[in-house]
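Starting off with a structure, shown below.
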Amino acid sequence: DAGSSVEEMEFNWDEYLEDTGATAAPHGSFKHVDTSLQNGFAPGMKLEVAVKSDQNTYWVATIITTCGQLLLLRYDGYGEDRKADFWCDIMTADLHPIGWCEQNKKVLKVPEGIKDKIPDQEEFLQRVLKGACSAPANLLEGLHRGKNPLDLIAPGSRLELQNVRDTLEAWIVNVVENVGGRLKLRFEGLEDSDKFDQWLFYLDPFLHQVGWAAQHGYSLQPPLAIRSLKSETDWQEILKKVKEEEEESSVPTDLFKDKPVIGVHSFSEGMKLEAVDPMAPFVISPATVLKVYNEKYFMIEIDDLRPERTTSQSYICHVNSAGLFPVQWSLKNGLHLSPPPGYPGQDFDWADYLKQCGAEAAPQSCFPLLTSDHGFKENMKLEAVNPVDPEEVCIATVTKLKDSYLWLQLEGSKKPIPDCIVSVESMNIFPVGWCETNGYQLRPPRKAIVNKQKKIAVVQPEKQILSSRTVHDGLKNQELNSSDSVVINGKYCCPKIYFNHRCFSGPYLNKGRIAELPQSVGPGNCVLVLKEVLTLLINAAYKPSRVLRELQLDEEAAWHGHGETLKAK
């Protein structure tokens, strides 16, 4: 009808899930996404914080929880007493790493509220700071202050990328784009060409900070695919320039602390196994360990028996590389094993094949244990990178599961492709809404989607009572007119916020998450309280980015106020 269109209208995940009767894969199943959302601060870290009653003195505080760029702190000495907990904004509060006061000749002094509990300040500090973890200095001071660590990987940043197709040598790559930790990378020296660009998640085990190759004994060489594009002299000049500019474009080492650690493997050259080619992850094929580099890396080649073949499908792996299985894994799991090209007949038999090749099967001990405890189920929806065209992120449906592996059907790709085989730990799969949250285009399904008329209910509360938790106790249970301003300690503050506790949450907010919100907001200036309330509400939504969009100011404000940036996780 007139309200329908094909691929033109804006895609809406909520409506799509409702129309298809499907459920979204749980957010907790995407560990790499959870890691990317961490702000670098964690509960239990300690800081030196200015004492509110005496701004010239400081005291040690512990992070209780984090919410975006807000930290909930408790001065050491209060123990489990929550009454003095307070929120502060990293960007505006007087916060410093442990040891800052001593270095800058500032006074550490016990706050009045706990003076009686700490008779010996020096002994107390020695005890609570023994083995303590300080909040990162680089996130509290300088240009990085208040920034999400992931945002420090900005366009123009440089990293080192190992060549996984033919050698282990590394080369410099430039970050062209950072989409929620998914990086578009361009080889140094190819600034005007995007032909060899790659997309990788920042936690990829083959991606490193500048200087990694030298530290680990690998040479810096451009990959074979681009080496002939410039002379050896040109490449050396490029390398020299990179080293001169290293400090300007480097990325903090802390960003890579959560990268998967590569363990020791036990493969030997000539061993046979079953494998999924990461460049075409649609079938499981017989493969051979072609070369062992060292205790961490080895090369796999997808078997091809054709005498006329001119190229090989080979790639470098480590012990935890996805898509490596022991011989007979497909048979045991009722899956089709694709015979090698050139194999006589369609009925592939491993015993005959091993005898024919004079090879041995890689023992079970070479492979990590596979788990089924991951939260994914058949027919669940998620977002996934198209392996044929990594620029595309598509709607994906889980069509099959075996141990730690998913078979995904991608919708809306420019060219239809078979179901993809991916690990549940793949960094190329994302939860529903990830693209929208990060401002990236999700490929919509090809089907026509009918615009539905929406009904909106507006509820007017009978009484507007200002919550006693948002302002000074003196205003408790006062009924205010809509034109009133809140006065705290003789000063006019932000417009009041009404809380209707009898009202059910609307369709945007998740009732379960609402129930988990703190029962009070911390003391502090009104702008900070408002920011805390809004941040908590945004992140209690089914779809935080949607609520954020409702609150967004899209045009220049007619009033002159204080602007604040809010982010949705």
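Name the one entry in V251, V173 that is assigned to a loop (DSSP other than H, G, I, E, B) and open to solvent by less than 20 Å² (accessible area, probe 1.4 Å).
Sole residue among the options that is assigned to a loop (DSSP other than H, G, I, E, B) and open to solvent by less than 20 Å² (accessible area, probe 1.4 Å): V251.
Here is a follow-up. It is to be established whether one or more residues within the range 85-92 are under 28 Å from Q121 (Cα atoms), at pLDDT 85 or above and assigned to a helix (DSSP H, G or I).
Scanning the range 85-92, I find no residue that is under 28 Å from Q121 (Cα atoms), at pLDDT 85 or above and assigned to a helix (DSSP H, G or I), so the answer is no.
Here's the yes/no breakdown for (1) in a loop (DSSP other than H, G, I, E, B); (2) closer than 19 Å to V276 by Cα; (3) without any contact (Cβ under 8 Å) to a residue 40 or more places away in the chain; (4) touching a Pro at 6+ places or on another chain (Cβ under 7 Å):
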| position | (1), (2), (3), (4) |
| --- | --- |
| L370 | yes, yes, yes, no |
| D373 | yes, no, yes, no |
| E378 | yes, no, yes, no |
| A384 | no, yes, no, no |
| D389 | yes, yes, yes, no |
| C394 | no, no, no, no |
| T399 | no, yes, yes, no |
| L406 | no, yes, yes, no |
| K414 | yes, no, yes, no |
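Something else about it: Answer yes or no: is there a residue in the range 103-114 that is of a type in the set (D, E) and within 25 Å of the chain's Cα centre (by Cα).
At the first step, the residues of the range 103-114 found to be of a type in the set (D, E) are 112.
So of that shortlist, the ones also within 25 Å of the chain's Cα centre (by Cα) come out as none.
No; the residues of the range 103-114 include none that is of a type in the set (D, E) and within 25 Å of the chain's Cα centre (by Cα).
When only residues in the range 176-188 that are of a type outside the set (A, V, I, L, M) and over 25 Å from Y293 (Cβ atoms) count, which is most open to solvent (accessible area, probe 1.4 Å)?
The qualifying residue most open to solvent (accessible area, probe 1.4 Å) is E177.
Is it fair to say D197 is at pLDDT 90 or above, under 30 Å from N138 (Cβ atoms) and surrounded by fewer than 19 Cβ atoms within 10 Å (Cβ to Cβ)?
On the way: at pLDDT 90 or above: yes; under 30 Å from N138 (Cβ atoms): yes; surrounded by fewer than 19 Cβ atoms within 10 Å (Cβ to Cβ): yes.
It is true that D197 is at pLDDT 90 or above, under 30 Å from N138 (Cβ atoms) and surrounded by fewer than 19 Cβ atoms within 10 Å (Cβ to Cβ).
Could you grab me the full set of residues in the range 144-170 that are out of contact with any Leu (no Cβ under 9 Å at 6 or more places or on another chain) and open to solvent by 30 Å² or more (accessible area, probe 1.4 Å)?
Of everything in the range 144-170, those that are out of contact with any Leu (no Cβ under 9 Å at 6 or more places or on another chain) and open to solvent by 30 Å² or more (accessible area, probe 1.4 Å) turn out to be D151, A154, P155, G156, V164.
Considering only the range 1-68, give the strands (runs of 3 or more DSSP E) lying wholly within it that have at least 1 residues that are modelled with pLDDT of 90 or more.
Details: elements: 4-6, 46-51, 54-67.
Answer list for the range 1-68: 46-51, 54-67.
Return the residues of the range 111-138 that are closer than 26 Å to Q69 by Cα and touching a helix residue (DSSP H, G or I) at 6+ places or on another chain (Cβ under 7 Å); say none if nothing qualifies.
P136, N138 - these are the residues of the range 111-138 that are closer than 26 Å to Q69 by Cα and touching a helix residue (DSSP H, G or I) at 6+ places or on another chain (Cβ under 7 Å).
Still on this structure, please answer the following. Restricting to the range 85-99, name every residue that is farther than 15 Å from Y75 by Cβ and open to solvent by 40 Å² or more (accessible area, probe 1.4 Å).
M91, T92
Let me ask something else. Which of the following residues is closer than 29 Å to V292 by Cα and in contact with a Pro (Cβ under 8 Å, 6 or more places away or on another chain): E269, E274, E232?
E274
Then there's this: So which residues in the range 290-304 are surrounded by fewer than 19 Cβ atoms within 10 Å (Cβ to Cβ) and in contact with a strand residue (DSSP E or B) (Cβ under 6 Å, 6 or more places away or on another chain)?
L290, K291, V292, E301
Could you tell me which numbered condition F325 fails, if it satisfies all but one of (1) open to solvent by less than 50 Å² (accessible area, probe 1.4 Å); (2) within 12 Å of P286 (Cβ to Cβ); (3) free of Cβ contacts under 8 Å to residues at least 12 places away in the same chain?
With (1) open to solvent by less than 50 Å² (accessible area, probe 1.4 Å); (2) within 12 Å of P286 (Cβ to Cβ); (3) free of Cβ contacts under 8 Å to residues at least 12 places away in the same chain applied to F325, the lone miss is (3).
Further question on the same structure: What pairs come out if I take residues in the range 110-136 that are touching a residue at least 24 places away in the same chain (Cβ under 8 Å) and pair them with residues that are among the hydrophobic types (A, V, I, L, M, F, W, C) and part of a helix (DSSP H, G or I) whose C-beta lies under 6 Å away, six or more apart or interchain?
Qualifying pairs under 6 Å: I118/F124.
The values are calculated or read from the model by the stated rules, or taken from the named source; none is laboratory data. This structure is a prediction, so every number in the text was calculated from the model and none was measured. Positions of Cβ are generated from backbone atoms using ideal geometry, with glycine treated the same way; all protein chains shown enter the neighbour counts. We work out accessible area using only protein heavy atoms, side chains counted, and drop any ligands, DNA or RNA first. Shrake-Rupley method; radii C 1.70, N 1.55, O 1.52, S 1.80 Å.
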